[in-house]
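Visitor: I'd like to ask you about the structure that follows.
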Amino acid sequence: MSIDIAALDTFPKLLMHHARVRGGKPAIREKDLGIWQTWTWRRFADEVRALASGLAAQGLGRGEHVALVGDNRPRIYAAMCAAQCLGAIPVPLYQDAVAAEMAFPIQNAQITHALVEDQEQVDKLLEILPQCPTLKHIYYDDPRGMRHYAQPEVASYDSLLAAAGDNFLDAEIAKGRGSDPAAMFFTSGTTGAAKGVVLTHHALIDRAKVAAEMEKLGDDDVVLAYLPPAWIGQNIFSYAQPFVTGYCICCPESAETVMTDMREVGPTYYFAPPRVLEALLTQVSIRMEDAAAPKRWLYRRFMAVANRAGGALLDGKPVSAFDRFLYFIGNILVYGPLRNVLGMSRVRVAYTAGEAIGPDLFRFYRSLGINLKQLYGSTETSVFVCIQPDGQVKADTVGPAVPGVELKFTPERELLIRSPGLFKEYYKNPQATAEAKDAEGWFHTGDAGYFDQDGHLKIIDRVKDVGKLADGTLFAPKYLENKLKFFPYIREAVGFGHGREKVCAFINFDIDAVANWAEKRNMPYAGYTDLASRDEVYDLVRECIERVNADLAQEPELANSQIHRFLILHKELDADDGELTRTRKVRRGHIAERYAPLVQALYDGSREVHVEAQVKYEDGRTGTFSSDLKIRDAKTFAPQAAKRAA
Amino acid sequence: MSGARRIGEVVLSVQDVSLAFGGVRALQEVSFDVREHEVRAIIGPNGAGKSSMLNVLNGVYHPQKGKIRFKEKEFAEMDSHQAAAMGIARTFQNIALFKGMTVLDNLMTGRNLKMRCNFLQQALWLGPAKREEMENRRAVEEIIDFLEIQHIRKTPVGRLPYGLQKRVELGRALAAEPRLLLLDEPMAGMNLEEKQDMCRFVLDVNDHYGTTLVLIEHDMGVVMDISDRVVVLDYGRKIADGTPDEVRGNQKVIDAYLGVAH
């Protein structure tokens, strides 16, 4: 069998293989009308064949691009494979992108066919249709609200399935080569315009396979697909890896039900960016604060034990017999039930990636006995570059290179990668391709880092973001921000300091956590903006900052990065306003520009600053908003005073 | 969008209905009709008799005079059980859900009239009872899907915010698969976003299920946007009847709303 699999160099070939050897095993589950519905591999293959025939009849040809817009649904993945069967290239787009953001990828890739989830997405595409002359066919999955659409471009997904005859299809599938482009992902673009990253079948399959072998993934594993399919991180776990190993993916009912669905499904293989893990921890913290006193006591006591012993037990390091005993009791009383609530009872391997994770956050999950590990990779590298192997997990590194990957650094500490998983090119952008990938095939990541003494890769920040304070000491803003964000009350932070004499920060608090906190204190409030102007909230945030400062004071090279002044932003940073990327990373440059007067006020010593901002509503209208923001000082610690303060 | 929806024959007509509580004359010789598949609004200032009219339609109040014709049958007064059996469902101005029960259970109560098995069969979970439960659960799940309330399926209604409770109430009324749905101020007390959501659901119900809707609403923007025809009541009398545009320009309506010097 293994010889067989190695010869399967494209995704459609892999699918047909699974349909033959494990046709009766579940491939995709979706919760529909409250019940989990299963597609077996055979059913999946049948769907793909029917759909591919339909698309072929609609004129989809080799080398053309197909847009896929929707949440995780079996049919989105079927469409992805159907396009690949015909030698067309699927281009998944973010389903929450506004219409204008979709225009560029469609124009750039000259997309002719689009398969979308529902009316909302159809409306967006129809809106930009005049700017996208190549787009001729739009197929929708969910017929709700679609009855009165008379546009000639619009047709239902079901209508595609009716096409007759798929005899030609096997020949088409056989024509596919591993070196063909398999998919194109548009990078979220923290810098400049989005670029279409072209990945070949070979690159994706090779990396998926190496990682699956490393973690011994098999066809009994289960994954919950809950992040946007347009993100490579989700796509690799819910498309490339199941196609390589034959495991089952589960699609939640809706974005709001993910927590419940996760408990029902009990995934064994889990992937979450730090942001999601953070949100989960915030929820746990809030619920624990609401619990009765004995429960709170129990939680505190046993979490202290877990902190001491949990991670070590997971790593197979020596732990005293007494701690082992306490951990055993704690597992029955606290950790087990907590894992169950989080839906992580069955998790065997969990990854976090996408951005740096706060060490405390990371330790929390590991101490509960969840095998959370760090992963390093990007769209351009088909994700897997570094993975922490079991037993060698550290909070501040991303692990050694996985087999097949070579790493090296430039003198500026920029990480370079050479790997079989590297992208082919940026679509129609040879200049950007040449900048990112040099003649010898090294990919320039833009990430700054170094190897620690065990040969693990450690990423500190983006090369362009790592700066220096006026006195020449290192300033890595992300490092500070992550420390702040570990506090449940703080959702987002943006640090400033490059070329300045001290560090200042913008803060977004977590509305759920702070609202709960305010309710406990019988503080009436109207919403985020109202809370953001309260002195009590400022004090709460200040305490968090001061604790971070005390921490920083203990790290000699970062002691100067303590935060001196801060303000709480009047609104939450939002991807719709361009302040975050669609994967919710802070767009530092844009924020500094947009809020330049605020940054200046942080440094000129004023106690208050007037802000007048333009707000973009979800329906596209804009309005203005004005208010006075307070600026407060935080206590900083001299390096030697650190011990006492902490 | 509403252009493609086919408005049919008259399904309900009210002729010269009068209702009095002692000396208070809540309705005086009011007549109007409702056509199949249309959205019919009843508007009017406070105390105009709007809710009384709705209560007459589903048999909570019994008028002293007049006739109601529904589905080719004529009644001097409706009986509430009979009204429900004939396919008239309603929501209330003040939410009337079972607060301690989950959303799912609340919606299941809306299926009450569709359940035929007796107490014993259900208690023993016999075949027919089980099948019936599954059929009804399926119907309810479709409504949950339709109203996008999957995430609160198992949440007790009392813990939900007001806007969602209103949506659940609409769901319960829909669970009865009504032919005529009476909505008593479905958007009262909602913020703009909740109102927009609710408008969308009301229009979707009308479009998707083809349900005929009679709604009372105070928000003029909403009424003018979503209804096909509007009846205006003032002090228990009908003062205008017609399309939103006709009603908007009617001097009597303007006087009733803005007041007039006597």
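Visitor: Tell me, what is the percent relative contact order of chain B, built from C-alpha pairs under 8 Å that lie six or more residues apart?
Guide: Relative CO of chain B lands at 26 percent.
Visitor: To the nearest 500 deg cm²/dmol, what mean residue ellipticity at 222 nm is calculated for chain A from DSSP H runs of n ≥ 4 alone, each contributing -39,500 (n - 2.57), summed and divided by the residues?
Guide: Result for chain A: -10500 deg cm²/dmol, rounded to the nearest 500.
Visitor: Under a point-charge model restricted to the Cβ atoms of Lys and Arg (+1) and Asp and Glu (-1), what is the dipole moment magnitude of the stretch A:2-266 relative to its Cα centre, in debye to the nearest 20?
Guide: Dipole about the Cα centre, nearest 20: 600 debye.
Visitor: Say the dipole of the stretch B:98-165 comes from +1 at the beta carbon of Lys and Arg and -1 at that of Asp and Glu; which of B:His151, B:Asn112, B:Ala123 then lies farthest toward its positive end?
Guide: B:Ala123
Visitor: What fraction, in whole percent, of alpha-carbon pairs in the stretch B:98-165 exceed 15 Å separation?
Guide: On the way: 1268 of 2278 pairs.
Pairs farther apart than 15 Å: 56 percent.
Visitor: Does the stretch A:129-179 come out rounded, prolate or oblate by the C-alpha gyration tensor, with a ≥ b ≥ c the root eigenvalues, rounded set by a/c under 1.5 and, if not, prolate when a/b is larger than b/c and oblate if not?
Guide: oblate
Visitor: Once the Cα gyration tensor of the stretch A:149-220 is found, what semi-axes does its equivalent ellipsoid get, as square roots of 5 times the eigenvalues, in whole Å, sorted largest first? Walk me through the intermediate numbers first.
Guide: Working: eigenvalues 182, 116, 43 Å².
Each semi-axis is √(5λ); the values are 30, 24, 15 Å.
Visitor: On average, how many beta carbons from a partner chain sit within 10 Å of the beta carbon of a residue in A:260-268? The partial results should precede the final answer.
Guide: Numbers: counts 4, 2, 0, 0, 0, 0, 0, 0, 0.
Mean shielding count: 1.
Visitor: Over the whole of B:145-151, what's the average partner chain Cβ count within 10 Å per residue? Rounded to a whole number, please.
Guide: Mean number of neighbouring Cβ atoms from other chains: 5.
Visitor: Calculate log10 I(q)/I(0) of the protein assembly as shown for q = 0.09, 0.10 Å⁻¹, where I(q) comes from the Debye formula with a single equal point scatterer on each Cα and nothing for solvent.
Guide: Debye output, listed in q order: -1.09, -1.29.
Visitor: Would you mind checking A:Lys124/A:Lys195; A:Lys13/A:Lys373; A:Lys209/A:Lys458; A:Lys585/B:Lys154; A:Lys394/A:Lys478 for any pair whose Cα atoms are more than 26 angstrom apart?
Guide: A:Lys13/A:Lys373; A:Lys585/B:Lys154
Visitor: Evaluate Rg over Rh across chain B, taking Cα atoms for both radii and Kirkwood's formula for Rh.
Guide: That ratio equals 0.99.
Visitor: Still on this structure, please answer the following. What is the antiparallel percent of DSSP beta bridges lying wholly in the stretch A:467-645, to the nearest 5?
Guide: 80 percent
Visitor: Please give the calculated 222 nm ellipticity per residue for chain B, where each DSSP H segment of at least 4 residues contributes -39500 (n - 2.57) and the sum is spread over every residue; nearest 500 deg cm²/dmol?
Guide: Taken over chain B, the calculation gives -11000 deg cm²/dmol.
Visitor: Suppose a student asked you for the relative contact order of the stretch A:383-470, using Cα pairs under 8 Å spaced at least 6 residues apart; what percent would you report?
Guide: It comes to 27 percent, rounded to a whole number.
Visitor: Relative to the Cα centre, what is the charge dipole magnitude of the stretch A:282-440, using +1 at the beta carbon of each Lys and Arg, -1 at the beta carbon of each Asp and Glu, and rounding to the nearest 20 debye?
Guide: Magnitude of the dipole: close to 940 debye.
Visitor: Something else about it: What are the extents of the Cα atoms of the stretch A:491-587 along their three principal axes, listed from largest to smallest and rounded to whole Å?
Guide: 42, 32, 20
Visitor: What is the packing order of peptides B:119-127, A:335-343, A:42-50, taking the mean over residues of other C-beta atoms within 10 Å and listing the highest first?
Guide: The packing order, highest mean first, is A:42-50, A:335-343, B:119-127.
Visitor: Under the classification rounded if a/c is under 1.5, otherwise prolate if a/b is larger than b/c and oblate if not, where does the stretch A:2-266 fall, given a ≥ b ≥ c as square roots of the Cα gyration tensor eigenvalues?
Guide: rounded
Visitor: A:Asp461's amide H: which non-local residues (gap 5+, or another chain) put their own amide H closer than 5 Å, with H modeled 1.01 Å from N in plane and none for Pro or chain starts?
Guide: Residues meeting the amide H criterion: A:Ala448.
Visitor: Treating each Cα of the stretch B:30-130 as an identical point scatterer and ignoring solvent, apply the Debye formula and state log10 I(q)/I(0) at q = 0.17, 0.18, 0.24 Å⁻¹.
Guide: -0.97, -1.04, -1.40
Visitor: With only alpha-carbon atoms counted, please give the Rg and Dmax of the stretch A:467-645, in Å.
Guide: 16.2, 54
Visitor: For chain A, what is the percent of antiparallel DSSP beta bridges, rounded to the nearest 5?
Guide: The answer is about 60 percent antiparallel.
Visitor: Next question, about the same structure. What net charge do the residues around A:Gly358 carry, taking every other residue with its C-beta under 12 Å from that of A:Gly358, with Lys and Arg at +1 and Asp and Glu at -1?
Guide: -1
Visitor: With both partners inside the stretch A:2-266, how many of the DSSP beta bridges are antiparallel, as a percent to the nearest 5? Working shown, then result.
Guide: Details: 11 of 33 bridges.
Restricted to the stretch A:2-266, the bridges split so that about 35 percent are antiparallel.
Visitor: Beyond 22 Å, what percent of the Cα pairs of the stretch B:147-262 remain? It would help to have the intermediate numbers written out before the result.
Guide: On the way: 2773 of 6670 pairs.
Result for the distance tail: 42 percent.
Visitor: Can you work out the Karplus-derived ³J(HN,Hα) for every residue in the stretch A:467-472? Use 6.51 cos²θ - 1.76 cosθ + 1.60 with θ = phi - 60°, whole Hz, and x for glycine or proline.
Guide: Along the stretch A:467-472, the couplings run x, 10, 6, 4, 8, x Hz.
Visitor: Sequence gap at least 6, Cα distance under 8 Å: using those rules, report the relative contact order of the stretch B:1-144 to the nearest whole percent. Present the calculation step by step, with values, prior to reporting the outcome.
Guide: On the way: 163 pairs, mean separation 25.2, N = 144.
Over the stretch B:1-144, the number comes to 17 percent.
Visitor: Quote the charge dipole size of the protein assembly as shown about the Cα centre in Debye, to the nearest 20; the model charges only the Cβ of Lys and Arg (+1) and of Asp and Glu (-1).
Guide: 2100 debye
Quick note: the coordinates plus some simple rules give every number you see, no bench work behind them. These numbers come from a predicted model, not from an experiment. Heads up, the Cβs are rebuilt from the backbone with ideal geometry, glycines too, and the neighbour counts pull from every protein chain shown.
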